[in-house]
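This report refers to the structure that appears directly beneath it.
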Amino acid sequence: MTNHLAGPVLVLLDHAPDGTLRAPVLELLTLGRRLGSVHGVWLGAEGPGGDVLAALGAYGVDVVDVLDLGGADARLTPVVADALADLSAALGAAALLLTSSFDNKEVAGRLGVRSGAGVVVDASDARVVDGRVVADKTVLAGTWTTSCAVRTPFAVVALKANSAQPEPVASPTQPAVVAHPVTLADDARQAVVVERQERTRSDRPALGEAQVVVVGGRGTDGDFSAVEELADVLGGAVGATRVATDEGWIGHDAQIGQTGVTIAPRLYIGAGVSGAVHHRGGMQASGVIVAVNSDPESPIFEIADLGIVGDLFTVLPQATQELRRIKAAQG
Ligand SMILES: Cc1cc2nc3c(=O)[nH]c(=O)nc-3n(C[C@H](O)[C@H](O)[C@H](O)COP(=O)(O)OP(=O)(O)OC[C@H]3O[C@@H](n4cnc5c(N)ncnc54)[C@H](O)[C@@H]3O)c2cc1C
């Protein structure tokens, strides 16, 4: 019986175009250490900068594997899956952890097919039991937690953001950096990016990664200003119900639920949201659920940790004002 894997545990180091690590990666590194010896995998021949290497050492990474994709585009999932399949085979890796974004889930699926690995996506935890990776995930609108044991020697687990508390190690490591040239199969190059247009950036965190999400529903009647102001004072993201996105009050990428994004922030605040089953499916795994609704019979109060019966246009500005006051007092 062992609770550590023999082969390396690869962690895909998702990073922003400026080379900074995306926040959920630190959670993966924390979880990865519990499974075995962690190799960070960096896509792009330039490798991580000094600050990033120091951060990886602070999280106990033993080796950083730098994959030179030979000019292929690291945003294309067949390219990433192909490169990771080669690396995992070459290193005899026991597991790969990656964040459960849309793209990474596709990478996980492709990698599973390519390498014969057992795949678990949208997981909330992972551990080793009797030499096997076991991953937990919430299902059926967050009402059940299931544990999935991966029966193959190589496990691929995509973990949802906010699944673990990032914890640095007591004694930082000095990760060895190892470069790997990658030879991509022809079918990994069948699609190429022909044009890119960057959207206007918001300073808010990405919806799927945010620790705090403030959500507006039909009750906003199209005025999201109170929702946005509360999100901003909390450093959170803005989400919406399908009614709000269908009405065109906010983009479809903000939709949370069965046909939208699944989130599990530490704090969810729903304003003018009824808590329909299709919406719950995407948010019920949130840590603390706060609901502001003028109807005391609204179903969202069944799942709320804190329910406020009131008009969102009164309650939200009061909360925002008070939070601003507290922040100002704290300097
Ligand atoms: C196949 C399918 C898939 C779906 N997928 C999704 C999905 O992914 N995500 C999703 O969200 N929905 C989805 N839906 C729609 C879902 O069933 C609900 O219709 C939707 O979630 C309701 O949105 P809502 O809570 O904003 O609106 P409503 O249900 O109309 O609720 C509005 C709430 O606002 C309250 N309110 C009104 N005014 C105020 C005020 N001033 N202050 C405070 N509270 C106020 C009301 O009391 C009410 O409870 C799907 C439906 C189907 C059929």
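Phi angles of the range 6-21 translate, via the Karplus equation with coefficients 6.51, -1.76, 1.60 and θ = phi - 60°, into HN-Hα couplings of 6, x, x, 9, 7, 10, 6, 8, 4, 9, 6, x, 7, x, 7, 5 Hz per residue; Gly and Pro are given as x.
Each Lys or Arg adds one and each Asp or Glu takes one away; over the other residues whose Cβ falls under 13 Å from the Cβ of Thr173, this sums to 0. Of Leu43, Ala264, Val9, which is farthest towards the positive pole of the chain's charge dipole, taken about the Cα centre with +1 and -1 on the beta-carbons of Lys, Arg and Asp, Glu respectively? Sorting the options by dipole projection puts first Val9.
On the protein heavy atoms, probe 1.4 angstrom, tell me the percent of accessible surface of the range 186-331 carried by carbon and sulfur.
Working: 3800 of 8210 Å².
Carbon-and-sulfur percentage of accessible area, whole number: 46.
Share of Cα-Cα pairs in the range 62-135 beyond 21 Å, in percent? The proportion of pairs with Cα distances above 21 Å equals 28 percent. The shape of the range 172-216 comes out oblate: with a ≥ b ≥ c from the C-alpha gyration tensor, a/c is at least 1.5 while a/b does not beat b/c. Within the range 252-331, the GluC sites (Glu not before Pro) that combine a DSSP coil assignment with at most 13 other C-beta atoms in a 10 angstrom radius are Glu297. Based on C-alpha pairs under 8 angstrom that are at least 6 apart in sequence, the range 129-234 has a relative contact order of 17 percent. Computed on the chain, with alpha-carbon pairs under 8 angstrom and 6+ residues apart, the relative contact order is 15 percent.
Karplus-based coupling profile of the range 250-264, in residue order and whole Hz: 7, x, 5, 5, 8, 6, 10, x, 4, 10, x, 7, 9, 10, 9, with θ = phi - 60° in 6.51 cos²θ - 1.76 cosθ + 1.60 and x standing for Gly or Pro. In this structure the chain gives 49 Å² per residue of accessible area when probed at 1.4 Å with all protein chains present. Under 5 Å from the amide H of Ala126 lie the amide H atoms of Asp136, each residue being 5 or more positions distant or on a separate chain, with H modelled from the backbone and absent for Pro and chain starts.
Helical runs (DSSP H, four residues minimum) scored at -39500 (n - 2.57) apiece and divided by the length of the chain put the mean residue ellipticity at 222 nm at -8000 deg cm²/dmol. Here Lys327 is the anchor, and the aspartates and glutamates within straight C-alpha reach of less than 19 Å, apart from those fewer than 8 places off in the same chain, are Asp203, Glu228, Glu229, Asp232. Evaluated at q = 0.12, 0.13, 0.16, 0.26 Å⁻¹, a Debye calculation over the C-alpha positions of the range 2-69 (equal weights, vacuum) places log10 I(q)/I(0) at -0.28, -0.32, -0.49, -1.19. Would you mind classifying the range 209-331 by shape? Square roots of the alpha carbon gyration tensor eigenvalues, ordered a ≥ b ≥ c; an a/c under 1.5 is rounded, otherwise it is prolate if a/b is larger than b/c and oblate if not. Taking the square roots of the gyration eigenvalues as a ≥ b ≥ c, the range 209-331 is rounded. Bridgeable lysines around Lys137 (alpha carbons under 21 Å apart, same-chain partners fewer than 8 residues away excluded): Lys105, Lys160. Would you mind telling me the share, in percent, of accessible area of the range 1-86 contributed by carbon and sulfur at probe 1.4 angstrom? That share works out to 55 percent. For the range 1-122, the spread of Cα positions along the three principal axes, ordered from largest to smallest, is 42, 32, 27 Å.
With a ≥ b ≥ c the root eigenvalues of the C-alpha gyration tensor of the chain, is it rounded (a/c under 1.5), prolate (a/b larger than b/c) or oblate? Judged from the Cα gyration tensor, the chain comes out prolate (a/c at least 1.5, a/b above b/c).
The values are calculated or read from the model by the stated rules, or taken from the named source; none is laboratory data. All values reported here derive from a predicted model rather than from experimental measurement. Don't worry about glycine lacking a Cβ; one is built from the backbone with ideal geometry, like all the others, and counts go over all protein chains shown. Accessible surface is based on the protein model in full, side chains and every heavy atom, while ligands, DNA and RNA are left aside. Shrake-Rupley method; radii C 1.70, N 1.55, O 1.52, S 1.80 Å.
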